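Structure record follows, encoded as structure tokens.
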Amino acid sequence: MEDKIKQEIIDIVFAEELATPEELETQYPARNLSGGAMVTRIAPSPTGFMHIGSLYSALISERFAHQSSGVFFVRIEDTDKKREVEGAVELISQSLKSFGIDYDEGRNENDEEVGQYGPYTQSHRSEIYKTFVKEFLQRDLAYLCFATSEELDEMRSIQQSQSVKPGYYGEWAKWRTKSSEEVLEMLKSGKAYVVRFKSPGDYAHRIKIHDEILGTRELPENDQDIVIMKSDKLPTYHFAHLIDDHLMRTTHVIRGDEWFPSLPIHVQLFESMGWEAPKFAHIAPIQKLEESSKRKLSKRKDPEANIAFFDEKGYPKEAIKEYLLNLANSNFEDWRKQNPEKDYREFQMSFEKLSNSSGALFDFNKLNDISKEVVSRMSAEEVYENVSTWAEHHNTEFANLLKQHSDYAKEIFTIERGVGDKSRKDIKMWSEVQSDIEYFFDDSFSLTKSETLEQLPNASADELSDIVKSFMESYNFDDSKEEWFAKVKVIAEAHGYSINSKEYKKNPESFKGNVADVAKIFRILLCNRTQTPDLHSIMKVMGQDRVFKRLSLIV
């Protein structure tokens, strides 16, 4: 009789025809992969912008999967419809594509599903979850709970007043011991309910759990009768995680360490079904130093928590990825120094090197240094393409200028580029490029004679004019850098400037200045700056007509 009532309850809860667990096991078979191949995933919720922490997890998960010839997929966890933000799903796929983090399965930027283990959006998998909730009920691993929110609030208040562990467990799990007749009566009356897992655990019993990063830890066994199906018949995170990672054949769950306390629940769920659990690796979050204490990057406080911040600034995507790899594996920096020309994907990630402390600190100085290194390895053509692409989205006026003078702009980016360790390292983000190179363009360049004299107070107007005339008379566009500088030194010496830095330092009063002061004259007139890249290269790129036109200001 009892079994008959239980089946009636199940038939009412799940009146629709559902696939059997066996049919789903057949539909989602074990993956045909080589030994050691990892199947990893990220499972973001579409609740707003893409967090730098999510990108961090995605990059780590993608690297472990692909370096092992495995599979990396994206699953959208959207069962909490109240928190979902319109457009956030598309933003996730677009962000991953933008950063070149390739996933093998999931919804792509065209809102198409790719892969044989979908749907990859949890709200589209409700029938699958129902099959297994039904299975839990049939195996007596779960039960219906009709406790109202008011009753649960009252229970929590009593627990708090008695200083006992909060939650729905043991003697507090009132509906766990209700008779089938009581449950059926409530069900037929139309009362709202949830389905709870019937935990077999004892909180006083400690279990050993192995984490790929944290090692083996002891934690209290789970005794909470957690909700596995909400009143809207959608699963909770814990239950959906169980079903999805089993059917999608996930081998390694790499996620933030805020989920570590939930590990006993997840292990228990897998054990209850007799399924092999994936291996777990909990990574420490990216931290920020505020005064003397660390804290997690905040969505509300920290603009750098949003990856759109880095796009707006114009940080190269490769620089962001290399910086995150630097945070993730402590040996990446040394590997990069030894392999400056190699693709970052040749670096082998390891769980042993993953940070398991309280979390790596986000350091803009370090990011800037890495970004400069990344840009220094780019060709002039690559710099041009990257700057132009960024400007098209964030600075259309500059984008039009680059397009209009594309050949000239590419020549500008060749200056001190592609010369090994000495390649220029002054560009860290594309948003700074316009101010760095605008003096090359006549429409952006402005300098008066009085401004020139103000910046060169140690020489009279006549003396400056004589030096510039001498230079213009001797200048040959085809001169090598050595020939060009030799002529500058002749002019400097002829006008009382030292051409020997040691001699100048020893007897500065014997000279008007040194050869660098003469070069400064040309630098000011051509660039209106005291510091620039190689001056000879600048003149070659500007061309003789432009050089002479600007130098003539003082003649």
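The values are calculated or read from the model by the stated rules, or taken from the named source; none is laboratory data. Given the structure is predicted, the values throughout are model-derived calculations rather than measurements. Cβ: placed from backbone, ideal geometry, glycine included. Neighbour counts: every protein chain shown. For the accessible areas, the whole protein counts, side chains as well, though only heavy atoms, and no ligand, DNA or RNA atoms are used. Shrake-Rupley method; radii C 1.70, N 1.55, O 1.52, S 1.80 Å.
Some notes on this structure:
- Shape of segment 430-555, Cα gyration tensor, a/c cut at 1.5: prolate
- Per DSSP, loop chymotrypsin sites (Phe, Trp or Tyr not before Pro) in segment 1-93 with at most 14 further Cβ within 10 Å: none
- Charge dipole magnitude, Cβ of K and R +1, D and E -1 - segment 329-397, Cα centre, debye nearest 20: 340
- Compared with the dominant Cα axis of the chain, that is its longest principal axis, helix 380-394 is turned about 60°.
- Å² of accessible area per residue within segment 183-326, as computed with a 1.4 Å probe and no ligands counted: 42
- With all protein chains in place and a 1.4 Å probe, the accessible surface of the chain carries 46 percent carbon and sulfur.
- The packing ranking, built from the mean of other Cβ atoms within 10 Å per residue, places the peptides 83-89, 409-415 in the order 409-415, 83-89, highest first.
- The listed residues E438, E221, once ranked by accessible area (1.4 Å probe) with the largest placed first, stand as E438, E221.
- Once the mean of 1/r is taken over each pair of separate Cα atoms and inverted, the chain shows a Kirkwood hydrodynamic radius of 28.7 Å.
- Once the Cβ-Cβ distance of E25 and S293 is raised to the sixth power relative to R0 = 45 Å, the FRET efficiency obtained is 0.35.
- Counting only DSSP H runs of at least 4 residues, each contributing -39500 (n - 2.57), and dividing by the residue count of the chain, the helix-based mean residue ellipticity at 222 nm comes to -13500 deg cm²/dmol.
- Options L59, S45, N32, ranked by Cα towards positive dipole end of segment 1-79, top entry (Cβ charges): L59
- Cα gyration tensor of segment 290-331 - equivalent ellipsoid semi-axes, whole Å, descending: 20, 17, 7
- Between N306, Y344, I286, the Cα set farthest toward the positive side of the dipole of segment 274-400 (charges on each charged residue's Cβ, about the Cα centre) is that of I286.
- Calculated FRET efficiency, K512 to A308, Cβ-Cβ distance, R0 = 56 Å: about 0.60 to the nearest 0.05.
- Heavy-atom surface of segment 399-555, accessible at 1.4 Å and reported per residue (Å²): 54
- Centre-to-centre, using Cα atoms only, segment 1-68 and segment 489-524 are separated by 73 Å.
- Per-peptide average of other Cβ atoms within 10 Å, ordering 233-246, 23-36 highest first: 233-246, 23-36
- Relative packing of peptides 364-375, 208-219 - highest average C-beta neighbours within 10 Å first: 364-375, 208-219
- For segment 180-268, the fraction of alpha-carbon pairs lying more than 19 Å apart is 52 percent, rounded to a whole number.
- Probing with 1.4 Å while keeping every protein chain in the model, the per residue accessible area of segment 53-118 equals 42 Å².
- The residue list S474, S552, Y504 was ranked by how far each Cα lies along the charge dipole of segment 409-555 toward its positive end, using unit charges on Cβ atoms, and Y504 comes out on top.
- Using Cβ point charges alone (K and R +1, D and E -1), the dipole size of segment 115-246 about the Cα centre works out to roughly 200 debye.
- Relative to the current alpha-carbon distance between K178 and H405, full extension at 0.36 nm per residue lengthens the span by 73.8 nm.
- For segment 52-95, the calculated P(r), taken from all Cα-Cα distances in 10 Å bins from zero up to the bin holding the longest distance, is 23, 47, 25, 5 percent.
- Note on the chain: with charges restricted to the Cβ of Lys and Arg (+1) and Asp and Glu (-1), its dipole about the Cα centre is near 1300 debye.
- Summarising the strand pairing of the chain, around 60 percent of its internal DSSP beta bridges are antiparallel.
- From the C-alpha gyration tensor of segment 1-89, square roots of 5λ in Å: 35, 24, 9
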